[in-house]
1. For region 534-601, which trypsin sites (Lys or Arg not before Pro) pass both filters: DSSP loop (anything but H, G, I, E, B) and at most 11 other C-beta atoms within 10 Å?
2. For region 653-821, what does the relative contact order come out to in percent, with C-alpha contacts under 8 Å and a separation of six or more?
3. Divide by every residue of the chain the summed helix terms, -39500 (n - 2.57) for each DSSP H run of at least 4, and state the resulting mean residue ellipticity at 222 nm, rounded to the nearest 500 deg cm²/dmol.
4. Give me the net charge for the shell around ASP30: Cβ to Cβ below 14 angstrom, other residues only, Lys and Arg +1, Asp and Glu -1.
5. If the cut-off is 12 Å between C-alpha atoms, which aspartates and glutamates fall inside it for LYS149, apart from same-chain ones fewer than 8 positions away?
6. At 25 °C and 0.890 mPa s, grab the translational diffusion coefficient of region 790-889 from Stokes-Einstein with a Kirkwood Rh over Cα pairs, rounded to a whole number in µm² per second.
7. Calculate the radius of gyration of the Cα atoms of the chain to one decimal place, then report Dmax, the largest Cα-Cα distance, as a whole number, both in Å.
8. Apply the Karplus parameterisation 6.51 cos²θ - 1.76 cosθ + 1.60, with θ equal to phi minus 60°, to every residue of region 372-382 and state each ³J(HN,Hα) to the nearest whole Hz, in sequence, with x for glycine and proline.
Amino acid sequence: MGDFNYQYKDRRMDGTLSSAPKEWTDLLDDYYIDIFGDDKQITWHSGRNSAILDYVFCSTNAHHQIPSIHQQYLSPEWTDHELLGFTFKYQDNNGRGPGSWKANPFLARNRQFRKALAEFLLANEEQFTLIKSFSTPQQQWDWVKAEVKIFIKSFQLEDLNWRKKQLHQLLSKRNKMMRQHKHRGLVFQGLDHVNTQIKLLQHTIAEIEILKAGKFWRENGEKSAGFLKRRALARENQRSITELRDPTTDELCRDQQGISTIATNFYSTLFTPDPTDSVALSTLIRSIPGHLKISSEQQESLMLSIDMEELLEDSKHTRRLSSPGPDGLPYEILYLVLKYPPLQALVTDVFNTALQKGKFPKSWNETIMCLLYKKGDPTHMKNYRPLSLANSDYKLFTRCINRRIMDVSTQLISRHQLGFIPGRYIAENGMICQLIMEDAQRKWTVAEQRDDDPTFGSLDADIGLLLDQEKAYDRVNLDYLRHVLLKFGFPRPLVKCIYKLMGDNLIRINLNGHLSSEVAKLRGLKQGDPLSPILYNLAFEPFLLAIINDRQFQGYLMGTERTKLLCYADDALVFVHDSADLARLQIHMSRYCGASNAKFNYDKVEAFSVSGRDTWDIWETSLAQIHINHLHSVEDDVPLIYLGFPLVQSRLQRVNFMGSLVTKIKIATQIHSTRSLSVVGRATVLNSLLLSKLWYILRVTPLTLADFKQLRSLAIQFLRKNIFPVIPWSVWTLPKELGGLGVIDIQLQASALYFRWLQPLLVYDQSTIDAHPVSSLLSHHIRNINNCQFHQIPLLFPSSRSQGLLKQRTGTVDMIYRAVDYLPRSFGSARINTATAMALPLQAAVFVPPSSSFVLPLRVKEMMVADVFQYDSRLNFVHWKDTRDPSLLTWKRTPSTVFKGLATGKLQFQPYFEPVCSPAPLEDSVVSFAPLIEQFRLLDDQPLGNVQASAKAFRQAVLSSVVSPLALRKISASSWKFFWSLSLTTVQRNVIYRLILGRIPHRRFLHFIMPKVFMSPLCPVCLSMNDSPSHLLFHCPSKEKVWQGVIFEFLWPTTSILDIKEALLQLDFSNVWYCQIAGIKPFRILIITLGQLWLAHMRFIYDNVPMDHTAILASIRTSVRQTIAEDQCHSLL
């Protein structure tokens, strides 16, 4: 397609063209079709000359996929050609159907629509009164919705943009005139007038759109993370199901009717319940302990009447632009209907009858189901996820029920299930799995290094199984669910309501826009229904409880904490100790399947060695019986992924995972590197779109310092592109209020995310820690690695951390250490008791003064205070043991060396230890590290225990002690806030910021670092003075003329260039306060001028465009006018 620059139909007698080779025209004639054919009008105009020079050819085998073409006249000031357009249909052999109708949710924002809807409802009150006389409340409500639907369909929203409407009419008129060949003389007399009108309208519309886009981009294009993310994530192409495989014949079906038949048969089978095993059902129900039952008060709260205030409040908090169901009414329009007073009594009656009696409007049992492709072969129905689109009023009801059930379900669902329970955190299961794996790995590593068990016969060979269920939500038997809910104590009316909500359903499947015949849904939960997640958790809970309460099932024992399983919704990870455990697990799985219709995919179950060691020879027989043919271990190249977290078991797995992650980030950075972004835009993209890929896995996964260095290098490459001299990484990561750009330091963020695990270990007592699985396992793991009694000691005193085994992979404890070491602290004012003092490592009680040359003996690292000190209970103080004490002989000469150092002052006590060496009244004899932990400070000097464990609070505390460069410190926080809030172009913001930071690439600097490339330090414009940032932007004679012209034309006449430079360097524009023209602030004039000077200088350097101050002043005037127009346009929107 394009401008051929000749008329294709103008041929010589021999059929050739004078302007094109015969081979070319033969190719077009034989294999391509001119899609416009005889319908094409003149496409090129130049003065009195015109011709058809533009063509779009399509291959003959794809020509039928072009359903429509259009030709549009364009302003001759833009081009001398007309615009040719066409529609091309991709991958749609059957043609897309109309789909289901849905109202435009933005209608609810239109005042005219709201007024018309209110008038319509008012006008229908008489008819509604008649309807009430012979129908139920449920039928009445369906009638109201149907009438609203008819009204919306008939409502024509007035096209407020009259310019676009008029332009469309003029273009249609012109095309009609051009087709009137017989009356061309008369037609062309009016054609010029029509062309002029079209041109004027096109220019006006374009100017308005430019003004709107300019202001909008400057305000949102770089500072709004949400805006950037929405623009970066293009909407996925609508996937058409072009073919499905018939499960009976194994043949591919491509026609729409056949595809629909395969889909409906598949879901008819899936939604038809299988008979339940009554023995398995009763056994599984008995596994629910009697105390797991909601109270009578909770039962009453579940059945409280639903009032209109509750419904309106719920509808306010629904997700905007959510897809509606078959009635097509989105939440936004439903809210308007609910607010109509005469209908409110009916609405509350319908909702409360549904709750108390299980009687629903017919429309509540109608659902449209969309199919979302997951992975695997797209011709198999099992590789699609069904998403139910129910009506908005139905979802409003289930939201209300869901909220009530959520309030009581936390006490019913075990702590091992983290899915969709408020206050529970998905990363907890990831962390527990990580700790268990590290503990098991450590046991094997210790045995290897001791070399006292060559066969490792004494070691456990625990494995983990990642269970996979087929269509977990869709296979839940509703009779089974009813028994479970009743066992948990839910009121019978509510259980009946839920049963009918999930069971009495007719579903139509949306296949390529065509709705299938109805499918009866008799089992399963609705994916997309607000109520389904909590119902699934309750249905799955008996299976989990059966394993948890099975005394014969061992699971993994770490310290005193026995972990049998971890679960997030239907993603269950079971820890299996031996073959007996595996046999018990199979019993529970079989029983659960028999009772609930669930089905486990054994061929998709992932098995892994908890220790990472290859123990396949131990497990081969047992696993092969259930069709598991591989045990993941260190022998594998890539790690398993659990809940999005890599279960890394070897260096190679970590390297491969990091390689994959780095590749993904590189691809993303390459995409965004092509965008014209200022330093602020780059920082926003990096934080929100690029590094956000890391934040989830860094909540659990330990990375090495080399990994962080590699990731930081990627970030720096993206940030520094085309910026020279470069901005240091330390400035990029400074907070914005300090003049930095707020880039999140990756290593600091990793520690900040670990703060969630660290804070409980520091601020809570051991009993509280032991009550929480993650904290309990972390405490045990730290104590185990350091062979100490209190986990606080290695956290508080880095010198007491055990080097332990030979070099291992970076683990969770290393990440915890990094996090705690970031926190600012000073133990100088802490006061500990004697019990705590005796529990400390000796190295934590003493220090070598800077002036001393004393060298601590190596064995001090192994010694505790109690090894060389003893406690005097009568006077309540600690003192050095008698030098003849036999226990000192264990340490040979080390105690005497330390004692001499203390006696001579070459070694001194820590300030918090010294007071316990003097007699004092007995206050507390319990070991407590609280006095030391209280010295940690976060926000506003608050103690650690008073601050919520958030990553942001952690980062702010760490960065509060960072000192910014002098140039940035000169500017106040309020001035920085003002600067970041300004809507500036990329050039404007970059030049000012680089000027303040001293990162302008002036010739003197370039000559200094590259003298062979830049032969002279002189200004390349004036060639009379050494170049500098001030000279380049302010004092070069040609630049001074520009500034003088700006002062004369826009500012107060007495303003000096020095005043302007200081205002820009300090971001303080109080001395430049007057502007001679209205609609723009004087500081905007300065910023525009600086940006235009920079652009002019770049054109001089790279394009040899002379530095003409009159041309620069003209561009400044244009930019000022455009800025004023943009602001005025924006204020009208």
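1. Working: sites: ARG551, ARG562, LYS564, ARG584, ARG591, LYS599; in loops: ARG551, LYS564, LYS599.
Passing sites in region 534-601 are ARG551.
2. Working: 130 pairs, mean separation 37.2, N = 169.
Value for region 653-821: 22 percent.
3. On the way: 44 runs with 533 residues, N = 1133.
Helix contribution divided over all residues of the chain: -14500 deg cm²/dmol.
4. Values: positive: LYS22; negative: GLU23, ASP26, ASP29, ASP34.
Result for the neighbourhood of ASP30: -3.
5. ASP327
6. Working: Rh = 15.9 Å.
In µm²/s, the coefficient rounds to 155.
7. That works out to 37.7, 127 Å for Rg and Dmax.
8. Couplings: 10, 5, 9, 6, x, 5, x, 8, 9, 4, 5 Hz.
Only the coordinates and a few stated rules stand behind these numbers; no lab work does. This one's a predicted model, so the numbers in the text were calculated from it and none came from an experiment. No Cβ is skipped: glycine too gets one built from the backbone with ideal geometry, and neighbour counts run over all protein chains shown.
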